[in-house]
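*Asks:* Next up is a structure, given as structure tokens.
Bear in mind these aren't lab numbers, they're just calculated from the coordinates by the rules spelled out. In this text, all values refer to a predicted model and were calculated from it rather than measured experimentally. We place every Cβ from the backbone using ideal geometry, glycine too, and count neighbours over all the protein chains shown.
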Amino acid sequence: MKIHDNILSTIGNTPMVRLNRITKDVAATVLAKVETFNPGNSIKDRMAIKMIEDAEKDGRLKPGGTIIEGTSGNTGMGLAIGAIIKGYKCIFTTTDKQSREKVDILRAFGAEVIVCPTNVDPEDPRSYYSVSSRLVNETPNSWKANQYDNPSNAQAHYESTGPEIWDQTGGKVDHLVVGVGTGGTISGTAKYLKEKNPNLKIWGIDTYGSVFKKLKETGIFDKNEIYPYITEGIGEDFVPANVDMDLIDHFEKVTDRDAAIFTRKIVRDEGIFVGNSAGSAMAGLLQLKDNFKKGEVVVVIFHDHGTRYVGKMFNDDWMRERGFLVEEKPTAGDLLKGKDLTLVSVEADEPVLLAIDRMRKHNIDQLPVMESWQTRWHDHRCTPLRCDPRRCRSAPPKGTGGHGSGVACDGTRSNTGGDREEAGQWIPGRAGEDEGGVRDHHEAGYHREVEVEKRHGNARALPFLWDHYPDVLHGPQPAPLPCGVARR
Ligand SMILES: Cc1ncc(COP(=O)(O)O)c(C=O)c1O
């Protein structure tokens with residue numbers, strides 16, 4: 001009989017699985033270390049138990065104590081499992097961007113979970129880091145695991161993940177691709193593997209909105225790199241002690257959209273139900289594919305399970321709302337061929353946000369703006385020969401707002417261009433003038449939409465919007481802005 005005394009000894013020894021379809025364009029052999037097989041369904045079980053046992057050994061964690069941690073979910077799960085078996089209480093702080101499933105699952109394990117705002121500085125008293133630190137001071141016989149700076153985190157991967165990968169590949173591994181959050185997984189695993197083979201390459205996967213890549217490449221901690229993002233589990237707005245930059249050869253950034261799309265694709269191509277950071281790692285691996293030669297072995301780590309994301313990346317509405325869904329779409333040709341299709345359009349007088357909603361809903365990035373004769377002339381009492389500037393919505397009175405669409409009052413396209421703001425007023429631009437400056441004054445996503453709506457009240461402005469606000473449709477993925485708008 002081979003029986004485990006309790007669930008803790010089932011942690012680790014996860015399978016290594018060859019990827020076949022999703023990697024068809026990669027010359028090298030790609031193997032996935034599938035960490036969903038751990039009892040908490042993530043790789044973080046390894047380090048959670050190691051942190052608890054090291055703290056027990058040196059007396060930081062005492063019998064009957066309370067474990068406190070700021071966790072996006074997976075570390076909490078490992079800690080909660082350890083706490084149940086070893087008789088501790090758990091209080092976790094997490095952020096409001098984490099999937100609902102993660103919070104519910106932590107509560108299912110009997111943990112107390114406090115949800116904190118995402119978009120505040122780590123030093124802000126409301127941040128999940130600060131709240132967990134305050135709780136440690138207020139709770140008797142408590143211990144904060146502090147996965148970011150606790151060396152037991154990376155050590156767990158040095159002792160288990162690294163040796164497993166080496167053994168499972170028979171020492172043939174040439175590249176390791178890993179999503180980076182606290183840095184424990186990549187640093188501990190890389191340390192072990194590089195000791196075995198110093199030529200092995202370590203590729204860290206980062207996200208837009210995180211500081212790692214720029215820090216690695218320039219040595220600069222750039223606050224402008226920090227802004228909200230959707231990808232879960234990886235990327236940081238500070239540098240945890242567990243990130244050992246010297247062991248990482250390169251950081252590759254992956255967009256929220258690609259991370260989400262590849263999370264779904266892994267499941268559909270390979271039948272492996274994994275979470276969002278696996279999608280990010282897979283997308284990053286494909287971005288890097290030219291570095292992986294025929295005959296080489298690439299190992300990618302799949303950190304956690306897809307069940308945590310059924311309300312997000314695996315939910316079509318959630319994906320569609322963010323413009324992430326790739327769907328087969330009928331073409332204008334199909335419409336002309338008389339196929340039974342309805343043309344998605346918007347009336348010129350309808351609000352621009354309605355147009356944007358309609359495009360998101362149908363996952364399209366253009367739609368015709370319909371302007372009937374009545375709308376164009378009759379409503380405004382204008383004719384092609386006589387325009388009443390106080391009423392005409394095509395050509396607003398000078399200085400009160402630029403339309404920017406290039407639609408002149410007579411319905412033809414003019415080449416005004418270059419509407420701009422001066423001393424709080426909109427000045428219609430001169431022919432051929434660039435309109436780019438307008439963009440710098442807007443934050444991405446919601447704020448940008450509100451501004452767009454305010455300044456270009458109706459769908460007539462759409463041609464201008466596509467040129468100057470391309471990511472209104474695709475949700476927040478902002479570039480750094482010089483105007484100092486606070487992002488978090
Ligand atoms: C789903 C997921 N992926 C990746 C990571 C990053 O791992 P690490 O913190 O070891 O860098 C985490 C960390 O919490 C995670 O939860």
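*Asks:* What does the charge count near ARG18 come to, summing +1 for each Lys or Arg and -1 for each Asp or Glu among other residues with Cβ under 12 Å from its Cβ?
*Replies:* +1
*Asks:* Let me ask something else. Using 0.36 nm per residue, how much length does the chain from LYS97 to ASP58 gain when fully extended, once their Cα-Cα distance is taken away?
*Replies:* Working: separation 39, 0.36 × 39 = 14.04 nm, distance 3.47 nm.
Stretched fully, the LYS97-ASP58 segment lengthens by 10.6 nm.
*Asks:* Distance from the Cα centre of region 175-248 to that of region 278-357, in angstrom?
*Replies:* Centre-to-centre distance over Cα atoms comes out at 26 Å.
*Asks:* Give me the net charge of GLY181's neighbourhood, meaning all other residues with Cβ under 12 Å from the Cβ of GLY181; Lys, Arg count +1, Asp, Glu -1. Write down the numbers at each step before the final one.
*Replies:* Details: positive: LYS44; negative: ASP206, GLU232, GLU236, ASP237, ASP304.
Charge balance near GLY181 sits at -4.
*Asks:* Which FRET efficiency value, to the nearest 0.05, is calculated for THR307 and MET16 with the Förster distance at 22 angstrom and r the Cβ-Cβ distance?
*Replies:* Given R0 = 22 Å and the Cβ-Cβ separation, E is 0.55.
*Asks:* Right, here's the next one. Quick query: amide H of GLU252 versus all other amide H atoms, modeled in the peptide plane; which residues come in under 5 Å with a sequence gap of 5 or more or a different chain?
*Replies:* GLY204, ILE205, ASP206
*Asks:* Using a 7 Å offset from the Cα along the Cα-to-Cβ direction at both ASP222 and ARG320, what is the distance between the two label points in nm, to one decimal?
*Replies:* 3.7 nm
*Asks:* Here is a follow-up. Taking 0.36 nm per residue of separation and subtracting the Cα-Cα distance, what length does fully extending ILE364 through ARG107 add? Walk me through the numbers on the way to the answer.
*Replies:* On the way: separation 257, 0.36 × 257 = 92.52 nm, distance 3.94 nm.
Value of the extension gain: 88.6 nm.
*Asks:* Quick one: which of LYS102/LYS213; LYS2/LYS102; LYS194/LYS293 span more than 24 angstrom between C-alpha atoms? The partial results should precede the final answer.
*Replies:* Working: LYS102/LYS213 27 Å; LYS2/LYS102 32 Å; LYS194/LYS293 19 Å.
Pairs exceeding the cut-off: LYS102/LYS213; LYS2/LYS102.
*Asks:* Can you pull the one-decimal nm distance between simple spin-label points at VAL344 and ASN141, each 7 Å off the Cα toward Cβ?
*Replies:* 5.9 nm
*Asks:* Suppose we look only past 24 Å in the calculated P(r) of region 44-144. What percent of the Cα-Cα pairs does that tail hold?
*Replies:* 16 percent
*Asks:* HN-Hα J couplings of region 45-61 from phi, Karplus 6.51/-1.76/1.60, θ = phi - 60°, integer Hz, Gly and Pro as x?
*Replies:* After applying 6.51 cos²θ - 1.76 cosθ + 1.60, I find 4, 4, 6, 4, 5, 5, 4, 4, 5, 5, 5, 5, 4, 9, x, 5, 10 Hz.
*Asks:* Exceeding 23 Å between C-alpha atoms, which entries from my cross-link table qualify? They are LYS62/LYS144; LYS216/LYS253; LYS50/LYS216; LYS50/LYS191.
*Replies:* On the way: LYS62/LYS144 12 Å; LYS216/LYS253 12 Å; LYS50/LYS216 28 Å; LYS50/LYS191 17 Å.
Table pairs above 23 Å Cα-Cα are LYS50/LYS216.
*Asks:* While we're on this one: With each label point set 7 Å from Cα along the Cα-Cβ vector, what nm distance links SER133 and LYS24?
*Replies:* 5.1 nm
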